[in-house]
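Notes follow the structure.
The values are calculated or read from the model by the stated rules, or taken from the named source; none is laboratory data. None of these values were measured; they are calculated from a predicted model. Every residue, glycine as well, gets a Cβ built from its backbone with ideal geometry; the counts of neighbours run over all protein chains shown. In case anyone asks, the SASA skips ligands and DNA or RNA and just uses the protein heavy atoms, side chains included. Shrake-Rupley method; radii C 1.70, N 1.55, O 1.52, S 1.80 Å.
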Amino acid sequence: AQKITQTQPGMFVQEKEAVTLDCTYDTSDPSYGLFWYKQPSSGEMIFLIYQGSYDQQNATEGRYSLNFQKARKSANLVISASQLGDSAMYFCAMREATGTGNQFYFGTGTSLTVIP
Amino acid sequence: DTGVSQDPRHKITKRGQNVTFRCDPISEHNRLYWYRQTLGQGPEFLTYFQNEAQLEKSRLLSDRFSAERPKGSFSTLEIQRTEQGDSAMYLCASSLGHTIYNEQFFGPGTRLTVL
């Protein structure tokens with residue numbers, strides 16, 4: 001089974017609007033971390049936001065927020081007030097505390113295009 | 001620049017040749033990771049080091065692949081007898097710790113094309 005599922009291969013959003021990128025995950029480990037990375041066309045993975053499995057509140061970092069629904073095993077990224085520079089691939093990733101525990105499991109990504 | 005660096009950024013080689021990539025992590029980071037990313041996919045874990053010790057290898061890492069981190073600083077990834085299926089982006093990442101909240105900092109990647 002896939003550890004991370006991103007069902008939206010591509011998304012479009014109007015500049016200044018908000019957009020939600022979906023991510024669901026699969027783990028039996030009670031302790032895990034969820035991450036979102038942005039990958040522009042240059043290739044570098046840029047860390048955006050982190051949510052721990054025991055965190056009570058949804059994480060926020062500037063225009064990025066994470067809609068964490070633990071029972072549904074979803075960790076959707078919300079980007080508010082989209083900017084042209086937000087156009088990129090976005091990857092959801094998970095890290096488990098036990099087992100192989102050190103690697104990140106990545107989804108297949110969502111390509112976001114911001115339309116002027 | 002104190003981020004993760006990788007060299008070269010691009011490599012074109014002929015099938016059957018050997019290639020070596022280098023990764024310089026953030027200086028105080030003791031953990032170093034290699035990932036492979038093919039078109040339309042997310043990065044897939046290959047191997048990781050804690051200091052100079054290689055502690056885990058993915059099944060993706062065939063015996064044609066070898067990685068080293070001799071002094072616990074920079075790392076090299078060598079692919080012997082390259083095949084066209086090896087064409088991918090090879091990403092290096094480093095982190096300070098191994099807890100679930102330690103994000104990994106990625107380098108710009110080395111894009112390999114095998115002709």
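Shielding of peptide A:39-47 by partners, expressed as the average count of other chain Cβ atoms within 10 Å per residue Cβ, is 6. Taking A:41, A:87, A:53 in turn, the Gaussian network model of chain A (Cα-Cα springs below 10 Å) assigns the largest fluctuation to A:41. The value of relative contact order for chain A, using C-alpha pairs under 8 Å at least six residues apart, is 37 percent. Positive-end ranking of B:73, B:100, A:53 along the dipole of the protein assembly as shown, with charges on Cβ about the Cα centre, is headed by B:73. Take each residue of peptide B:37-44, count the partner chain Cβ atoms within 10 Å of its Cβ, and average: the result is 6.
Measuring how big chain A is from its alpha-carbon positions, Rg and Dmax come out at 13.7, 45 Å. Across segment B:23-78, Cα-Cα pairs farther apart than 16 Å form 41% of the total. Pair-distance distribution of chain B: all C-alpha pairs, bin width 10 Å, starting at 0; shares per bin in whole percent are 15, 50, 30, 5, 0.
In this simple spin-label approximation, residue A:11 and residue B:18 carry label points 7 Å from Cα along the Cα→Cβ vector, and these lie 4.6 nm apart. For residue B:71, the aspartates and glutamates whose Cα falls under 17 Å of its own Cα, not counting residues fewer than eight places away in the same chain, are B:24, B:28, B:52. Residue B:100: net charge of surrounding residues, Cβ under 11 Å, Lys/Arg +1, Asp/Glu -1, itself excluded? So the environment of residue B:100 carries a net charge of -3. Taking amide H positions as modeled 1.01 Å from N, with prolines and chain starts lacking one, the residues under 5 Å from residue B:56 and 5 or more places away or on another chain are B:48. With N counted as the residues of the protein assembly as shown, its alpha-carbon radius of gyration over 2.2 N^0.38 Å works out to 1.01.
Pairs to check: A:3/A:38; A:16/A:70; A:3/B:14. Give those whose C-alpha atoms are more than 25 Å from each other in this structure. Check vs 25 Å cut-off fails for A:16/A:70; A:3/B:14.
In segment B:97-114, burial by the other protein chains removes 20 Å² or more of accessible area from B:98, B:100, B:101, B:103, B:104, B:106, B:108, compared with the chain on its own (1.4 Å probe, ligands and nucleic acids ignored). DSSP beta bridges fully contained in chain B are about 90 percent antiparallel.
Structural descriptor for segment B:49-92: relative contact order 32 percent, calculated from alpha carbon pairs under 8 angstrom and at least 6 residues apart.
Where does the charge balance sit around residue B:87 when Lys and Arg score +1, Asp and Glu -1, over other residues with C-beta under 11 Å from its C-beta? With Lys, Arg at +1 and Asp, Glu at -1, the neighbours total +2. Dividing the convex hull volume of the alpha carbon atoms of segment A:11-67 by its residue count gives 115 Å³ per residue.
Dipole magnitude for the protein assembly as shown: computed about the Cα centre from +1 point charges on Lys and Arg Cβ and -1 point charges on Asp and Glu Cβ, it is near 480 debye. Proximity of backbone amide H atoms, modeled 1.01 Å from N, is registered between residue B:17 and B:82 at under 5 Å, excluding neighbours fewer than 5 places apart on the same chain. Choose one of A:10, A:33, A:90: the residue whose Cα lies farthest towards the positive end of the charge dipole of chain A (beta-carbon charges +1 Lys, Arg; -1 Asp, Glu; about the Cα centre). Going by the charge dipole, the pick is A:33. For the pair residue B:56 and residue B:115, the difference between a 0.36 nm per residue extended length and the Cα-Cα distance amounts to 18.3 nm. Sequence-distant contacts, meaning Cα pairs under 8 Å at least 6 residues apart, place the relative contact order of chain B at 37 percent.
Dipole magnitude for chain B: about 420 debye, using +1 per Lys or Arg Cβ and -1 per Asp or Glu Cβ, origin at the Cα centre.
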